[in-house]
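Reviewing the structure listed below.
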Amino acid sequence: MAHKSLWVSTGLATSMLLCSVAAAEAPPVPAADAAMPYYDRHKIDVSNLREFYEGLMIADAMVHRDMTFEAETKWRLTLRQMIGAESGHHIARSAYQLAKIGVSVEEIQALFAPDYVDRLEDPRLQSAMRYIDRIRTYPLTVSADMHADLRTHFIDRQISELFQLGAINSAKATHDALLPIVTDQETVDWATENLAAVGWEVGLNAPSAPEEQRANPFVGDALTEAVREIEAAWTRDNLGAVAPVFATDWIAYVTGYDIPDITFDGDGDGIEEPFDPFPRDKLRWEAEGAKAANLPPPTAPAFDVAAYDFPFYDGPFENTSSVSYSDRQMLDTQWDRGNAFGTLSMDEYILQQERTMTLPEVWSMFLVYQLSSGCVHCQAHGAFGIWDYTEDDYFHDTMPGEVEEATTAYIQSLMDFERADLDEAMMARLRVARDAARLPARVTAAHIEDLRRHFTDREIQEILAVPVVTSWLSVSMQSMATVTDQISMAYALRALGPLGWKPGVHIGLPNEQRPLHMSQMFDRIMMEGSSGKVSDGATLFTGVEVPLGIDGDADGVEDAFDGFPNDPERWADTDRDGIEDALDDDIDGDGLTNAVELSAGTFPYKADSDADGILDPVEVDAGTNPLDPRDL
């Protein structure tokens, strides 16, 4: 699938200057669009990207089980996040799951109160909920002060788990916003009876046709069984067994749709055979007349461009913090591998392989989404991703000068794509990306009808999958304030800097820098695989050795982070002195009591709060700042 022609029609002047100001308010969605019914949306679900959705379900199932946070606590956090994201389906699902766990309706309803977090008495739960409240809407504003607040109450492994939870929840909420999930009747009935008092109604998640009605809720026993199946298929101490699979077809179970489970792609064109009318022809996959058959009803109005047009890029959000970022590069080296199976699987499936879209087209959607979401790290990755995959088309990655110039001009044009000279099909995709990147999302049925003017259902489903995985990355990277790899940052400064783009907090210190862009990471995995080596994607992704997911006592906490690896009832012993954290006067064992650490502003759970190699008591005695890795 050649993609050199993508840049031919771009012509935005490179002298355009975009200022770094507070995030612009998006215009309200037109009332007519908000009320517009979805047309045959179940057909898009049936045109299934099975591997992508199984990755999403694996991540969802694995992050919501008991780990360093109990499952009940994580479902409370999830419900609070879904309320803020206005995801009707996942509000109902999360509340119903809490009810199945045994939480009372009164406690569930309390989570809907605006001041719920302020009224919490448990300071640790309050800290976690403050983070969840911060990420419920875009652009995100996770600051160094919030990192410090979390580190006052939790070890890094727990913060990592919290960030994973928020990111996968954001992906699920985005999925529901793009094509509102028709909620199964069992969940609808429960939510109608128990949540109407706090304002829940089924809304867009009600079926508009009987065939849209989903069959079963992915909660309770079904969720427990899904986790059991993953655990049974996963050998935790073997990197060569890192692709657990469900024994049950949970996609068919949840939807009730007759979705083919065959994903064989004989001609290697990226289109699975159930959806490929030409399974032996790598150059063709679309059935004749498929687009014409998918056109919206003749009465569907044209997309109202003016109603959605707004300056979606305004530069990095400038957080005001009283402390600097400390040891942030550790926060994703402690990801739970079970959840990472799913998230990296959907990342690889959508962002690293050409299917109905070329990779530069996919990364164009990625960049526009991130320009709108505010993830500066992701903006650098998006710009370099377009460049890198275009460069791959040329011998020894040597692009002709005119192609380099056109590629850079095209990438710059995406910062204000409504004024760029792009074809309408590309514009329809970019509008979905831009409007999916604000939570609550601004995507309506009007966006889907606009896509139907240019694409088949199979293409539309792939287009909608891009913001889902992109949302996971946006929340992850903004939560951690990830320091961007040098090659992506250098390219973004060179290509986007002249337009006013700034790196924000993501430029960081040399020791915090990520080693690879995602495209380079997957290139490395393919290269190592072809030579017979089994790659450790988690270690490649972070640049730091990530321990295997071995959990000897099966309590949900990997042995590397478990102070009691043979006791399924306990795990929290940060300094491994045999005293549980809850009973330990010096949790991190650095010689400073917890009370002293709290009064000094250092972290009771970290002996070296800023990870500069000098323990907190030494810095306190020397008069240097134990929270600033630059102050030695």
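The values are calculated or read from the model by the stated rules, or taken from the named source; none is laboratory data. The structure presented is a predicted model; accordingly, all values stated were derived computationally and were not measured. Please note: Cβ atoms are built from the backbone with ideal geometry, for glycine as well, and neighbour counts cover all protein chains shown. Side chains are part of the model used for accessible areas, which takes the heavy atoms of the whole protein and leaves out ligands, DNA and RNA. Shrake-Rupley method; radii C 1.70, N 1.55, O 1.52, S 1.80 Å.
Per-peptide packing, taken as the mean over residues of other Cβ atoms within 10 Å, places 368-380, 336-348, 522-534 in the sequence 368-380, 336-348, 522-534 from highest down.
3J(HN,Hα) along the range 586-591, derived from phi through the Karplus expression 6.51 cos²θ - 1.76 cosθ + 1.60 where θ = phi - 60°, amounts to 9, 4, 8, x, 8, x Hz, with x in place of Gly and Pro.
Out of the total accessible area of the chain (probe 1.4 Å, heavy atoms of protein only), what percent is carbon and sulfur? All intermediate terms of the calculation are to be shown ahead of the outcome.
Details: 12910 of 24050 Å².
Answer for the chain: carbon and sulfur cover 54 percent of the accessible area.
What the Cα atoms of the range 320-422 give is an Rg and a Dmax of 16.7, 50 Å. Let me make sure I get this right: for the range 501-601, a, b and c are the square roots of the gyration tensor eigenvalues over alpha carbons, sorted descending. Under 1.5 in a/c it's rounded, otherwise prolate if a/b > b/c, else oblate. Which is it? Oblate shape, in that a/c is at least 1.5 and b/c is the bigger or equal ratio. Highest average first, the peptides 437-449, 43-55, 264-276, 165-177 ordered by how many other beta carbon atoms sit within 10 Å of their residues are 165-177, 437-449, 43-55, 264-276.
The 1.4 Å probe gives accessible areas that order Leu359, Leu204, largest first, as Leu204, Leu359. Residues whose amide H falls under 5 Å from that of Gly500, counting only those 5 or more places apart or on a different chain, are Leu18, with hydrogens built in the peptide plane. For the pair Leu632 and Arg494, a Förster radius of 30 Å applied to the C-beta separation gives a FRET efficiency near 0.40, rounded to the nearest 0.05.
Rg over Rh of the range 43-112, using C-alpha atoms and the Kirkwood radius, what does it come to? Don't skip to the answer; put the middle values down first.
On the way: Rg = 13.7 Å, Rh = 13.2 Å.
Rg/Rh for the range 43-112 comes to 1.04.
Take the Kirkwood radius over Cα pairs of the range 180-265, plug it into Stokes-Einstein at 20 °C and 1.002 mPa s, and you get 140 µm²/s for translational diffusion. Taking +1 at the Cβ of each Lys and Arg and -1 at the Cβ of each Asp and Glu, which of Pro626, Thr152, Ser208 sits farthest along the dipole of the chain towards its positive end, judged by Cα position relative to the Cα centre? The one lying farthest along the dipole's positive direction is Ser208.
What relative contact order, as a whole-number percentage, does the range 557-604 give when Cα pairs under 8 Å and 6 or more residues apart are counted?
Details: 51 pairs, mean separation 9.6, N = 48.
Averaging sequence separation for qualifying contacts and normalising by length gives 20 percent for the range 557-604.
Using helices alone, what [θ] at 222 nm do you get for the chain, with -39,500 (n - 2.57) per DSSP H run of 4 or more residues, divided over all residues and rounded to the nearest 500? Value at 222 nm, helices only, nearest 500: -14000 deg cm²/dmol.
Given C-alpha coordinates of the chain, what is the ratio Rg to Rh with the Kirkwood estimate of Rh? Before the final figure, lay out each step's value.
Numbers: Rg = 24.2 Å, Rh = 25.4 Å.
Ratio of gyration radius to Kirkwood radius for the chain: 0.95.
Normalised by the number of residues in the range 183-337, the mean separation of alpha-carbon contacts (under 8 Å, six or more apart) gives a relative contact order of 12 percent. Per residue, the accessible area of the chain comes to 38 Å², computed with a 1.4 Å probe over protein heavy atoms only.
Against the empirical curve 2.2 N^0.38 Å, the C-alpha radius of gyration of the range 57-184 lands at a ratio of 1.00.
Working ranking of peptides 540-546, 425-431 by packing, defined as the average number of other Cβ atoms within 10 Å per residue, highest first, is 425-431, 540-546.
In whole Å and largest first, what semi-axes does the C-alpha gyration tensor of the range 350-499 yield when each eigenvalue is scaled by 5 and square-rooted?
On the way: eigenvalues 110, 73, 40 Å².
Its equivalent ellipsoid spans semi-axes of 23, 19, 14 Å.
Toward the positive end of the charge dipole of the range 55-151, about the Cα centre and with charges on Cβ (Lys, Arg +1; Asp, Glu -1), which of Gln109, Leu125, Ser143 goes farthest? So the residue we want is Ser143.
What is the chain's relative contact order, in percent, from Cα pairs under 8 angstrom and six or more apart in sequence? Reported relative contact order: 23 percent.
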